[in-house]
Amino acid sequence: MQCGSFLNDLVAVGTAFRVIIVWKVGDGSVVRKILGHNGLVSDVIWINDEQLASVSDDRSIRVWERDSQVAEMYGSSKQDGPQGDLQSASRAGQKKMLKDFVRQWKVRPLASGLLATVGEDASLRVFDPKAGRQVVYAKGHMGWNVRALAVSGNLVATGGEDGSVKVWQLDFQAEQAQLKLRMPLPAQSKAKYNQIRQIHFSSDSTFVSTKIGSVFRVDEAQITELY
């Protein structure tokens, strides 16, 4: 299992075998298996009661109807700037199109049906699947790969392999993200140990975990190692 998301008594999990499985929590029965990705499923999340969003190593972003095997499939080009078309790859020639897309590692729902993603190019992107547009592009992390993403209202936290946490304020009218906070984790003997894997918001601070299992509390004043 690569990832999972709960909705009432259901849990959707993404696997390394290119399948999304929806289980019923109470009795462990499989409600359905969703096929379609051509690579491991990096993340899956319930958008609402009727839709799931997923991202995959196959470079696609997909929005699934709860009771259907059919998905709207999208991708964002490596050449896209702050705004750009959210290209549809759901028709013929999808393999040719997908190879030019950026791998997205995490996806989270935002207001009004928008989706936020982070991926291999260390950028934060916000998509409007209904309009077929990429509406926000922001880049502040060093190097490659942002694998941690959390959302609270119009605040988005990202954590990268550069060992830093960034908190962005989204302005949906201006279609931009403003960097509000940047906090590097304490230096360790090897930089790769600081690679951030998970972020969770609380009411007054942010908690992050790293590749080696360290847990930190991050707020505007300081970073505290908890474990």
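Checked against (1) at pLDDT below 85; (2) surrounded by 13 or more Cβ atoms within 10 Å (Cβ to Cβ); (3) not hydroxyl-bearing (Ser, Thr, Tyr), residue 157 passes all but a single condition, namely (1). Taking the stretch 108-132 as the range and being more than 9 Å from the chain's Cα centre (by Cα), of a type in the set (Gly, Ala, Ser) and assigned to a strand (DSSP E or B) as the test, only 123 passes.
Scanning the stretch 6-23 for residues that are part of a strand (DSSP E or B), free of Cβ contacts under 8 Å to residues at least 24 places away in the same chain and farther than 14 Å from residue 66 by Cα returns a single hit, 19.
Scanning the stretch 123-137 for residues that are at pLDDT 85 or above and surrounded by fewer than 20 Cβ atoms within 10 Å (Cβ to Cβ) returns a single hit, 137. Exactly one residue out of 67, 27 is of a type in the set (Asp, Glu) and either at pLDDT 85 or above or assigned to a helix (DSSP H, G or I) (or both), and it is 27. The numbered conditions (1) in contact with an Asp or Glu (Cβ under 9 Å, 6 or more places away or on another chain); (2) modelled with pLDDT under 80; (3) small (Gly, Ala, Ser) are all true for residue 209 except (1). Selection of the stretch 30-55 for residues being more than 19 Å from residue 67 (Cβ to Cβ), assigned to a loop (DSSP other than H, G, I, E, B) and either in contact with a Gly (Cβ under 9 Å, 6 or more places away or on another chain) or modelled with pLDDT under 85 (or both) yields only 40. Kindly establish whether residue 125 is on the phi < 0 side of the Ramachandran plot, touching a Leu at 6+ places or on another chain (Cβ under 6 Å) and not hydroxyl-bearing (Ser, Thr, Tyr). In short, no.
Of 167, 135, which residue is among the β-branched types (Val, Ile, Thr), touching a strand residue (DSSP E or B) at 6+ places or on another chain (Cβ under 6 Å) and without any contact (Cβ under 8 Å) to a residue 40 or more places away in the chain? Result of the check over 167, 135: 167. In the set (1) of a type in the set (Lys, Arg); (2) modelled with pLDDT under 85; (3) surrounded by 14 or more Cβ atoms within 10 Å (Cβ to Cβ), the condition left unmet by residue 99 is number (3). Among residues of the stretch 140-151 that are closer than 16 Å to residue 206 by Cβ and without any contact (Cβ under 8 Å) to a residue 40 or more places away in the chain, those with a Cβ under 6 angstrom from a residue that is surrounded by fewer than 22 Cβ atoms within 10 Å (Cβ to Cβ) and not β-branched (Val, Ile, Thr), sequence gap 6+ or separate chain, pair up as 141/122; 141/162.
Number of residues in the stretch 169-203 that are over 20 Å from the mean Cα position of the chain (by Cα), surrounded by fewer than 13 Cβ atoms within 10 Å (Cβ to Cβ) and modelled with pLDDT under 70: the value is 8.
The values are calculated or read from the model by the stated rules, or taken from the named source; none is laboratory data. Just so you know, these numbers come straight off a predicted model, no measurement behind them. Because the Cβ atoms are built from the backbone with ideal geometry, glycine has one as well, and the counts that use them run over all protein chains shown.
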